[in-house]
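Trainee: Pasting a structure here, questions to come.
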Amino acid sequence: MSKILDGIRVLDFGRYIAGPYCATLLGDLGAEVIRIEKVDGSEDRFLSPISDQGDGALFMQLGRNKLGMTLNPMKPEGREIVRKLVATADVVVANLPPDTLTAMGLDYDSLCAIKDDIILTMISAFGRGGPYETRVGFDGLGQAMSGSMYMSGTPEQPAKAYAPFVDFGTASLSAFGTMAALFERQRTGKGQIVEGSLFNTALTLMNGTVIEQAVIERNRTATLNRSQTSGPADTFKTRDGWVLIQSVGGPLFKRWADLMGESHWLEDPRFKDDISRGDNGEAISERLAQWCAERTSEEVLSAMEEARIPAGPVLSPQQVLEDPHIAAKGLFQATEYPGMQKPAPLMKTPIEFSRTPGAIERRAPTLGEHTEQIMHELGYSDDQISELRKARVI
């Protein structure tokens, strides 16, 4: 079966999440992706180690569907290898500072001098222009500086989400931008720069809250898990766990009042619409908390499903592995890796296509696993490859 991006070659100079997952998504859709990392292995390879060699859990996810080679682009011989690689590529993905890109010969002008229709997908913490452009940063800075952390947790303790959603959001938007640039190149024959940043993504996600602040100056503060714009919408402790219940809109609120057997909620002007229910949500949460505390999670969720009110359990990672919906849809693909005692449950391509689906066809590469293969394709002999290894260029 042909894939959407068959025939497209991507050079992945990304690190950690935003750059690598952008390239991963392109690889899922059929692009040939070459991950290029330091001779001794890049730092992101070893986060949360799970294999005998120290390869990390996140790398199993982000390294899939990629060929792996090691390279030092800062040496002259390494720069020459970069030039040969770029001449064969359609896209270069890099989440590195602009000065580092220039030093490695990966700035757009240098790339265009080699291949004039190349697409450079560059990702940084804050983007070019503005006083923050040279700052480095991770996902947490996007959460902190966009208002997200301020509006999470409590007024006494801002909270960062455990999941690096700004990183993965930036990767997804950058993959979207790369696909758009490839589509545009088909029409014009021209490449371009696709630029994503953690800050842009975080501000996009928080834009509605910032708009409200600018227009009517609500000066909101955090209320932990309780929604400020609808109700009931909060986490609730049951007799044997926790559940999340979310109601938005008048019809769902009526279903909840009917479930409680308490029509007075519908007659009280404090709860006349979503924003009012959010403003007075503490009273709603207190009532539902009492109701949930008297029941098991299964009883609560069964009642909510019967009333067609969105609700779900707060699951531990182990419970996620045991979830029946995940099993029924086959969302995780068990994938072996050298030196790993159990297969890794890799989440498949999150967007599902009816005719040209993405797929995990290759496990993450071991360090430098395909270096010789790629070097031979570029025209290097065995002796040349051996000399470059001795010089720690590859």
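Trainee: Within the stretch 130-139, is there a residue that is under 19 Å from the mean Cα position of the chain (by Cα) and of a type in the set (D, E)?
Mentor: Checked against the condition, which is being under 19 Å from the mean Cα position of the chain (by Cα) and of a type in the set (D, E), the stretch 130-139 yields at least one hit.
Trainee: For E361, work out the one condition from (1) within 22 Å of the chain's Cα centre (by Cα); (2) over 30 Å from P76 (Cα atoms); (3) crowded, with 17+ Cβ neighbours inside 10 Å it doesn't fulfil.
Mentor: (3)
Trainee: Among the residues of the stretch 41-57, are any in the same structural domain as Q186 (by TED's automatic domain parsing), surrounded by 24 or more Cβ atoms within 10 Å (Cβ to Cβ), farther than 19 Å from S197 by Cα and touching a strand residue (DSSP E or B) at 6+ places or on another chain (Cβ under 6 Å)?
Mentor: Looking for residues that are in the same structural domain as Q186 (by TED's automatic domain parsing), surrounded by 24 or more Cβ atoms within 10 Å (Cβ to Cβ), farther than 19 Å from S197 by Cα and touching a strand residue (DSSP E or B) at 6+ places or on another chain (Cβ under 6 Å), one finds none in the stretch 41-57, hence no.
Trainee: May I pose another question? Of everything in the stretch 3-40 that's of a type in the set (F, W, Y) and within 18 Å of L173 (Cβ to Cβ), which residue is surrounded by the fewest Cβ atoms within 10 Å (Cβ to Cβ)?
Mentor: Among those residues, the one meeting the criterion is Y16.
Trainee: Please tell me if S110 is of a type outside the set (A, V, I, L, M, F, W, C) and surrounded by fewer than 19 Cβ atoms within 10 Å (Cβ to Cβ).
Mentor: It is true that S110 is of a type outside the set (A, V, I, L, M, F, W, C) and surrounded by fewer than 19 Cβ atoms within 10 Å (Cβ to Cβ).
Trainee: Right, another one. Would you check which residues across the stretch 296-311 are assigned to a helix (DSSP H, G or I) and small (G, A, S) and list them?
Mentor: Once the filter is applied, which keeps residues that are assigned to a helix (DSSP H, G or I) and small (G, A, S), the stretch 296-311 yields S297, S302, A303, A307.
Trainee: State yes or no: is E298 farther than 27 Å from R220 by Cβ, exposed (fewer than 15 other Cβ atoms within 10 Å of the Cβ) and within 32 Å of the chain's Cα centre (by Cα)?
Mentor: Taking the combined requirement at face value, the residue satisfies it.
Trainee: Also: Tell me yes or no: at least one residue of the stretch 244-261 is closer than 30 Å to M347 by Cα, in a loop (DSSP other than H, G, I, E, B), touching a helix residue (DSSP H, G or I) at 6+ places or on another chain (Cβ under 9 Å) and outside the structural domain of K160 (by TED's automatic domain parsing).
Mentor: Among the residues of the stretch 244-261, at least one is closer than 30 Å to M347 by Cα, in a loop (DSSP other than H, G, I, E, B), touching a helix residue (DSSP H, G or I) at 6+ places or on another chain (Cβ under 9 Å) and outside the structural domain of K160 (by TED's automatic domain parsing), which makes the answer yes.
Trainee: Take the conditions closer than 20 Å to M151 by Cβ and either of a type in the set (S, T, Y) or free of Cβ contacts under 8 Å to residues at least 12 places away in the same chain (or both) and apply them to S316. Does it pass?
Mentor: Against the criterion (closer than 20 Å to M151 by Cβ and either of a type in the set (S, T, Y) or free of Cβ contacts under 8 Å to residues at least 12 places away in the same chain (or both)), S316 does not qualify.
Trainee: If you don't mind, there's one more thing I want to ask. In the stretch 113-162, how many residues are within 18 Å of A18 (Cα to Cα), hydrophobic (A, V, I, L, M, F, W, C), surrounded by fewer than 18 Cβ atoms within 10 Å (Cβ to Cβ) and touching a residue at least 40 places away in the same chain (Cβ under 8 Å)?
Mentor: Matching residues across the stretch 113-162 total 1.
Trainee: Sticking with this one: Please name all residue pairs, on different chains or six or more residues apart, with Cβ atoms under 6 Å, provided the first residue is in the stretch 211-233 and is over 15 Å from Y150 (Cβ atoms) and of a type in the set (G, A, S) and the second residue is assigned to a loop (DSSP other than H, G, I, E, B) and at pLDDT 95 or above.
Mentor: S230/V248; A233/S227; A233/S247
Trainee: What number of residues within the stretch 269-295 are in contact (Cβ under 8 Å) with a residue 24 or more places away in the chain, among the aliphatic types (A, V, I, L, M) and surrounded by fewer than 18 Cβ atoms within 10 Å (Cβ to Cβ)?
Mentor: Residues flagged as in contact (Cβ under 8 Å) with a residue 24 or more places away in the chain, among the aliphatic types (A, V, I, L, M) and surrounded by fewer than 18 Cβ atoms within 10 Å (Cβ to Cβ) within the stretch 269-295 amount to 3.
Trainee: Still on this model: Of the residues A307, A311, A303, A283, only one is out of contact with any helix residue (DSSP H, G or I) (no Cβ under 7 Å at 6 or more places or on another chain) and small (G, A, S); which?
Mentor: A283
Trainee: Would you please list the contacts, defined by Cβ atoms under 8 Å and residues six or more apart or on different chains, that run from a residue in the stretch 56-75 that is without any contact (Cβ under 8 Å) to a residue 60 or more places away in the chain and more than 17 Å from V33 (Cβ to Cβ) to a residue that is assigned to a helix (DSSP H, G or I) and of a type in the set (D, E)?
Mentor: G56/D44
Trainee: Separate question: Which of the residues belonging to the stretch 324-353 are in a loop (DSSP other than H, G, I, E, B), surrounded by 14 or more Cβ atoms within 10 Å (Cβ to Cβ) and under 23 Å from the mean Cα position of the chain (by Cα)?
Mentor: Across the stretch 324-353, the qualifying residues are L331, Y337, P343, K348, T349.
The values are calculated or read from the model by the stated rules, or taken from the named source; none is laboratory data. Since this is a predicted model, take the numbers as computed values, not measurements. Every residue, glycine as well, gets a Cβ built from its backbone with ideal geometry; the counts of neighbours run over all protein chains shown.
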